1. Rounded to the nearest 0.05, what FRET efficiency do ALA555 and ASN355 have when you use their Cβ-Cβ distance and R0 = 56 Å?
2. Over the stretch 155-255, what is the mean sequence separation of C-alpha contacts under 8 Å (at least six apart), divided by residue count, expressed as relative contact order in percent?
3. Mind jotting down the distance between the C-alpha centroids of the stretch 615-692 and the stretch 314-370, whole Å?
4. What does the charge count around HIS619 come to, taking other residues whose C-beta lies under 9 Å from its C-beta (Lys +1, Arg +1, Asp -1, Glu -1)?
5. In nm, what is the difference between 0.36 nm times the number of residues separating LEU139 and HIS97 and their Cα-Cα distance?
6. Magnitude of the Cβ-charge dipole of the stretch 439-685, K/R +1 and D/E -1, about the Cα centre, nearest 20 debye?
7. Nearest 10 degrees is fine. How inclined is helix 426-442 to the longest principal axis of the chain, computing both from alpha carbons?
8. Over 45 Å, how big is the tail of the calculated P(r) for the chain, in percent of all Cα pairs?
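Nothing in this text is a laboratory measurement; each read-out follows from the coordinates by a stated rule. Note that the structure is predicted; figures quoted are calculated from it, not measured. Counting neighbours? That spans all protein chains shown, and the Cβs are built from the backbone with ideal geometry, glycine included.
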Amino acid sequence: MKSNNAPPPQYVINDSLHQLFDAVDAVSVQGYDENRQVIYWNFGSELLYGYTQEEATGQKLEDLIIPESIRELVVAAHSDWITKGIEIPASEITLRHKNGSDVNVFSSHVLFTNQHNKKQMYCIDVNLADVKHAQSQALFNEHMLEAIIRAIPDLYFLMEVDGTIIDYHSGDHKNNYLVPNQVIGKRIAETLPDEIVSKFQINIDKVINKEGMVTFEYELNMPNGLAYFEARISYLSEYNQIMTIIRDISEQYKSAEIIRNKAYFDTLTSLPNRFLALDRLSQMLTESERDNEKLAIFFLDLDDFKKINDSLGHGVGDKILIKAAKRLKKILREGDTVGRLGGDEFIILLRGIINEHDALVIAEKLLKTFREPFLIDGRELILTFSVGIAISPENGNCASDLLRNADIAMYEAKSLGRNTYSFFTKEMNTVMLRRFEVEEQMHGALERNEFELYYQPQFDVKSGSIIGAEALLRWHNESLGNITPDEFIPIAEQTGLIVSIGKYVIKQALRFLNTWQKNNQTEYTMAVNLSPRQFRDLQLVSVIKKSLLDENIKASNLEIEITEGVLMSGQSYIHDALIEINALGITLSMDDFGTGYSSLSYLREYAFDVLKIDQSFIHGIPMNKADCNLVKATIAMAHSLGLSVVAEGVETQEQLTLLDEFDCDLVQGYFFSKPVPEMQLLDFSNSYKLSP
Ligand code: C2E
Ligand code: CA
Ligand code: CA
């Protein structure tokens, strides 16, 4: 603003300036003579005040756009300027539109003297409506931002690139690490822990160099515990400032941690799960290789755990697993790992082992802690386990090899009678490889017609005549050659393939029995072996029934041989199937008597008709006194229960003579015939009939 004492500038308005004013319609330019009558009115004035040039020209300033209330003031100020040279200062002022509405303008004025020495005032008015709008918009934005910051849980601050906080907002002040008025003007280095400050610095550098936004996480010790935060920072390059938004992600972090735990830890026992345990194994392997140390891997499998689950329920099973896990953990040193591989399988990783003996000591210790019974729901339970041990680097130097080898050794421990441990040896690997090969070849063997039944005749001791035969399975495979049933039957059992193979055996055996009976006009019997796994097949009884019908065989001429293993699991489906088999009138035979638990209660519980004394006892007679007594007693006992007795594995005349003495009913064995193909049995029984 100019000083009132300074002489007013005297300009001469000319046409070229009018032309300029005519061209700008964003500002209103009005010219007035000494009587305040309009002498110039540009289009900008028409736009702002509503009067056309024609309407305005000649009109007085105060009649056109000056509101009533300031009319006198304006007239006076104008005359003061002309007469006394007191300049009208530029100012914000509210004038009037033709339609009577207010017009907010910023008004500047100049005074010219024309060629006739007459004074002319020019007013230049800028519409303030847009500016006002922009101002209120800015104010609104500011309020809105405040409301948003209040509403969202994030906190926000603005920093110089050197980390000086220049603005800080947060919705909820209660849980803030920093209080706004204490941090503004300070550098983050003065307000936050060092390691977080350096995280900020690294990321500030990043964001300055490549713009955009970066996100990072950090944790802070808060009064109510550790909290986790996520910071997003972006660089406002126009202002050289860093905008930061901080979000408390503690809740997400905790739930992510729960998920992480679920992924790495077994929920029942809280032990590392298979994934984590194997990951640790890999890690330990790298470390022990570096430190030139040995590592022991224990593969642990609870013995007969399935039985506990089946008989006492899963609740008890779970409790045992939890307690077993605790006992295992107790024994181990820091740095060792015990994990649950799944089911009743655990893994133990021991580092810093000097030799096998170290592992052996720990294995013994583990077995010993399990001698103490588990107390569960007021019941004392004894639980044992079998351990397979593999040592690195001798038995492998990658996690999967070591685990597999420890697993193989565990199987060995099981077959040694459980409740023991076994170290992996290369020979075991050969056995396992063979097992895998056999299993592989067994798939499709039925379709390829690789199975054949052999028959071993059975004889009546007193009359010496053939009364029937036992069907025994043979398998010849292209690449493996002949595989004995002792090898392939257990594998068929474990894989479940025995179900389909067993059906084939039943059908084949009865088909041949039909031929054999017709051929010799004799009611021979046929004994067929059934494995425990076959009883789980719901079709078993109907397959037997149908085969009997198809081949027109009397049920009593079919003999089903089962071992105690079938009965021991105590499953109800086995019980039901045996009842049905008995109801059909099929003969039931107890195989391998004397080798298992030989519980007499089974003989009483189920309707057995025949008892087969295991060949290991027959081999002992007549030399072994104990065997002789046992065989004699068994025969007497069986007879007293109404069972007839078969002696298996009779190889000599002496054995036969003694068995006759003991009143044994039936015999089978190499002394009479090995198991033979059906044609051979037909020949054998034909010729035998002629000369017994
Ligand atoms: P098992 O039921 O105890 O069968 C008797 C085994 O003793 C047969 O062996 C037979 O060949 C053999 N044997 C017979 N007489 C003598 C003898 O005088 N001396 C000697 N040393 N051995 C004799 P194989 O055929 O190798 O069968 C072994 C086992 O495989 C059978 O034992 C049986 O448990 C199982 N098995 C065979 N065929 C089948 C089948 O079709 N189904 C099922 N589930 N198991 C079968
Ligand atoms: Ca048998
Ligand atoms: Ca047997």
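1. Values: r = 62 Å, r/R0 = 1.11.
Efficiency, rounded to the nearest 0.05: 0.35.
2. Numbers: 162 pairs, mean separation 26.4, N = 101.
Rounded, it is 26 percent for the stretch 155-255.
3. Computed from Cα coordinates, the inter-centre distance equals 49 Å.
4. Details: positive: none; negative: ASP627, GLU651.
Net local charge, HIS619 excluded: -2.
5. On the way: separation 42, 0.36 × 42 = 15.12 nm, distance 2.70 nm.
In short, 12.4 nm is gained.
6. Working: 17 positive and 35 negative charges, 107 e Å.
Its charge dipole is roughly 520 debye.
7. 90
8. Numbers: 140413 of 239086 pairs.
So the pairs more than 45 Å apart make up 59 percent of the total in the chain.
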